[in-house]
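Worksheet: the structure to be examined is printed underneath.
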């Protein structure tokens, strides 16, 4: 509970109309996609970096937590107020300040919705590639905090590859500018890269300078189905080794496909063990050739059918099926533990087969889908939390999946971060020395530990 004096000072900083302490409002900012719930003491909707600076200075003086928040769409608990305090919602800082068509850069505020920004760029013949599945509602600031990726990462990379510079309010209240607005720049330490993916623990982003690309001339979308998951997984490696880099290369197992079968053509609803959603973009004539080559690779690797979308509408329907997978999984079980692991592409068959073995061992359902082109698979351990035995088996399965992934040379998080959800597993991948360095960086920038506490690092 915030004191009356703190509440009064927050009112003075942001204005009474930009603060809420009503329980009904606080509940809306108490959870994210993990479905964990922690009630904040207040939510503030600042309009500038200067207001955020004053809030953080107040927090340092009066020792209360501050939690930055975008759209709350994260899967790791990164925006949860686990120790109460003040949620700083950036949703009203939502302006696209500049799109520079001559230099292919944009300057945006953190509350800009990712999909909206992409649409505005495309109107000008430009392209912002990062495309998380939540792009219709997630925000640029949240994407930066978590270093979001998406299906196009196989060809174009992830958020960190498009952030040239930032305006950031540090935990102590200083406002700093990092990076550049140019194609190159090597002056001092790369503070921009330090901030991207730091999960709101090292600073609050208030502006971002983003790199844009020319909009690809054309796109071709394909859907390949397989009666054996191993054939689909092997096809991924074969496509990449053919020196064709698709813009997207998505994998879906039979459990995932079963959840969205209604979105697919009826004649594809038969016995499917796995499917690939593949897209190529670029020069119109070139992608026609690439699509045919990819179709040939799929058929050589025992695909039972390969459909090439004939128009934008058919392509859209296939993408609707892919993007509907995650919300449709409630058909399998009421709850899920959503993990995003990454393995070398050549190890995808081992990872998928391994998760199936783990599912059988613990008598649970595990559904796999995701960005196979860069080895990033979303592993969904489906459970009913009201069944304590099943819940415990699910947690044991997660730990075993992580051990499998690390044994294959992979990582336990590709684009969802650590937050609270993966905090217990951090030491499985990182050495004590590496964790200590990160803790020391946090201590230097946030000596009183007020910014987004309870994330990434287990309590000492």
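The values are calculated or read from the model by the stated rules, or taken from the named source; none is laboratory data. For clarity, every value in this text was computed on a predicted model and none was experimentally measured. All Cβ positions, glycine included, derive from the backbone under ideal geometry; neighbour counts span all protein chains shown.
Can you pull out the residues in segment 274-289 that are out of contact with any strand residue (DSSP E or B) (no Cβ under 6 Å at 6 or more places or on another chain) and touching a residue at least 12 places away in the same chain (Cβ under 8 Å)?
Correct list: 282, 283, 288.
Any idea how many residues of segment 431-447 are loosely packed, with under 14 Cβ neighbours inside 10 Å and either in contact with a helix residue (DSSP H, G or I) (Cβ under 7 Å, 6 or more places away or on another chain) or in a loop (DSSP other than H, G, I, E, B) (or both)?
2
Quick check on my filter: what residues within segment 128-184 are in a helix (DSSP H, G or I) and crowded, with 21+ Cβ neighbours inside 10 Å?
Residues satisfying the conditions are 140, 141, 142, 143, 144, 145, 146, 153, 154, 156, 159, 162.
Among the residues of segment 3-25, which ones are within 32 Å of the chain's Cα centre (by Cα), in contact (Cβ under 8 Å) with a residue 40 or more places away in the chain and within 20 Å of residue 83 (Cα to Cα)?
10
Surrounded by 14 or more Cβ atoms within 10 Å (Cβ to Cβ) and more than 19 Å from residue 141 (Cα to Cα) - does that describe any residue in segment 43-53?
No, every residue in segment 43-53 fails to be surrounded by 14 or more Cβ atoms within 10 Å (Cβ to Cβ) and more than 19 Å from residue 141 (Cα to Cα).
Under the condition of being over 14 Å from residue 252 (Cα atoms) and crowded, with 16+ Cβ neighbours inside 10 Å, which residue from segment 375-390 is farthest from the chain's Cα centre (by Cα)?
Looking at residues that are over 14 Å from residue 252 (Cα atoms) and crowded, with 16+ Cβ neighbours inside 10 Å, I get 390.
Does residue 409 satisfy the criteria of being in contact with a strand residue (DSSP E or B) (Cβ under 6 Å, 6 or more places away or on another chain) and either surrounded by fewer than 23 Cβ atoms within 10 Å (Cβ to Cβ) or modelled with pLDDT of 95 or more (or both)?
In short, no.
Being within 29 Å of the chain's Cα centre (by Cα) and either touching a residue at least 60 places away in the same chain (Cβ under 8 Å) or farther than 30 Å from residue 416 by Cβ (or both) is the filter here, so list the residues in segment 27-54 that pass it.
29, 33, 34, 35, 36, 48, 49, 50, 52, 53
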